[in-house]
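Just so you know, all these numbers are worked out from the coordinates, no wet-lab data involved. Every value quoted in this text rests on a predicted model; they were computed, and no experiment measured them. For neighbour counting, all protein chains shown are included, and Cβ atoms are generated from backbone atoms with ideal geometry for every residue, glycine included.
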Amino acid sequence: MGGKTTRNKLIAGNWKMNMSRQESIAFAEEFSRLYQPMAGVKTVICPPFVWLDMLSADKLPQQVELGAQNMAQEVRGAFTGEVSASMLVDAGCRYVILGHSERRQMGETDAVIREKTRLALLHNLIPIVCVGEREQERKNGQAQSTVLSQVRGSLADLEYTSEQMVIAYEPVWAIGTGNTASAADAEEMTSLIRSCLQEMAGYATASNTLILYGGSVTPDNARSLLEQPDVDGALVGGASLDPTKFCSIITSGRSH
Ligand code: PGA
């Protein structure tokens, strides 16, 4: 599906369980020095929950949005250790990563991710819904069916506009391994996801929803991935911890 030129790029950094308070502050200072806002490229940083409040209190450039890495599937109550959608909004979040493969590995099913996505939408948080096949599934020729069933299961019967939804294709074998998907593989799967969205949500939503690629994105490979017509951005783990590398990836999102 075409329509690339109408979509912005989105570069999201997923810090995972990294960065002390001091490291977060040092990152924010250095990043603010290096960051140059660019038309058509949005930037999101997803730190651990505990640093959200601190980073939202004007430590980052104002164009940069905050996201969380996970969210409870309940609204409030006796759920020890969980963090709700409304708390994330209060802490300054605009985005939330849902269904990351590291969470799926801990037992999150498509049904759980769907419920979290529903609650995120209800609270005006933009979910970054992650899907991606494991190495064995790719070897077995099941990469596409796995990803499609995750997209269908995680978004089943939900209503959203293209501005309210982001999807990230993250092949599990590419995450944290240095084994980036080829630009052609990233394009093949992001375009397939877009066709699936078209079936589920209609042409207009599908052609305007941002679909990211994630998995060992670096300053060296970002441009070739982001040049693909259906790759609208990147979800960056390791390289997002380094302000210089992350800024360089953001710059790669500039229109080609
Ligand atoms: P990586 O992580 O860039 O370190 O491979 C990506 C992710 O898990 O979102």
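With +1 assigned to the C-beta of every Lys and Arg and -1 to the C-beta of every Asp and Glu, and no other charges, what is the dipole magnitude of region 107-196 about the Cα centre in debye, to the nearest 20? Don't skip to the answer; put the middle values down first.
Working: 8 positive and 13 negative charges, 21 e Å.
Computed about the Cα centre, the dipole is about 100 debye.
Normalising by the residue count of the chain, find the relative contact order in percent from Cα pairs under 8 Å and 6+ residues apart.
Values: 506 pairs, mean separation 59.6, N = 256.
The normalised contact order for the chain reaches 23 percent.
Per-residue HN-Hα couplings for region 105-110, Karplus 6.51 cos²θ - 1.76 cosθ + 1.60 at θ = phi - 60°, whole Hz, x for Gly and Pro?
4, 7, x, 6, 9, 4
Mind checking region 127-202 for GluC sites (Glu not before Pro) that DSSP puts in a loop (not H, G, I, E or B) and that have at most 13 other Cβ atoms within 10 Å? Numbers along the way, then the final one.
On the way: sites: E133, E135, E137, E159, E163, E187, E188, E199; in loops: E133, E159.
Loop-located and lightly packed - E159.
Using a 10 Å cut-off around each Cβ, can you sort T6, T190 from fewest to most neighbouring Cβ atoms?
On the way: T6 9, T190 25.
Least to most surrounded, the residues fall as T6, T190.
I want the local charge near N221. Using Cβ-Cβ distances under 14 Å, sum +1 for each Lys or Arg and -1 for each Asp or Glu among the other residues.
After counting each charged neighbour, the total is -2.
Using the Cα centre as the reference, give the magnitude of the dipole from point charges on the C-beta atoms of region 168-256 (Lys, Arg: +1; Asp, Glu: -1; all else neutral), rounded to the nearest 20 debye.
On the way: 4 positive and 10 negative charges, 50 e Å.
My answer is approximately 240 debye.
With the Cα gyration tensor of the chain giving a ≥ b ≥ c as the square roots of its eigenvalues, does the rule (a/c under 1.5 for rounded; else a/b larger than b/c for prolate; else oblate) give rounded, prolate or oblate?
Numbers: a/c = 1.43, a/b = 1.11, b/c = 1.29.
Rounded, since a/c falls under 1.5.
Quote the charge dipole size of the chain about the Cα centre in Debye, to the nearest 20; the model charges only the Cβ of Lys and Arg (+1) and of Asp and Glu (-1).
On the way: 23 positive and 29 negative charges, 44 e Å.
Dipole size: approximately 220 debye.
Can you give the calculated 222 nm mean residue ellipticity of the chain, where each DSSP H run of n ≥ 4 adds -39,500 (n - 2.57) and the sum is split over every residue, rounded to the nearest 500 deg cm²/dmol? Show your work: numbers first, answer last.
Working: 11 runs with 100 residues, N = 256.
Roughly -11000 deg cm²/dmol at 222 nm, from the helical runs in the chain.
Whose amide H sits under 5 Å from the amide H of V129, counting only residues 5 or more places off or on another chain, with H placed in the peptide plane?
Answer set, sorted by chain and number: L98, V166, I167, A168.
GluC sites (Glu not before Pro) within region 20-102: which are DSSP loop residues with at most 15 other Cβ atoms inside 10 Å? Let's see the in-between values first.
Working: sites: E23, E29, E30, E65, E74, E82, E102; in loops: E74, E82.
Passing sites in region 20-102 are E74, E82.
Each label point is 7 Å from the Cα along the Cα-to-Cβ direction; what then is the distance between the points at S182 and A78, in nm?
5.5
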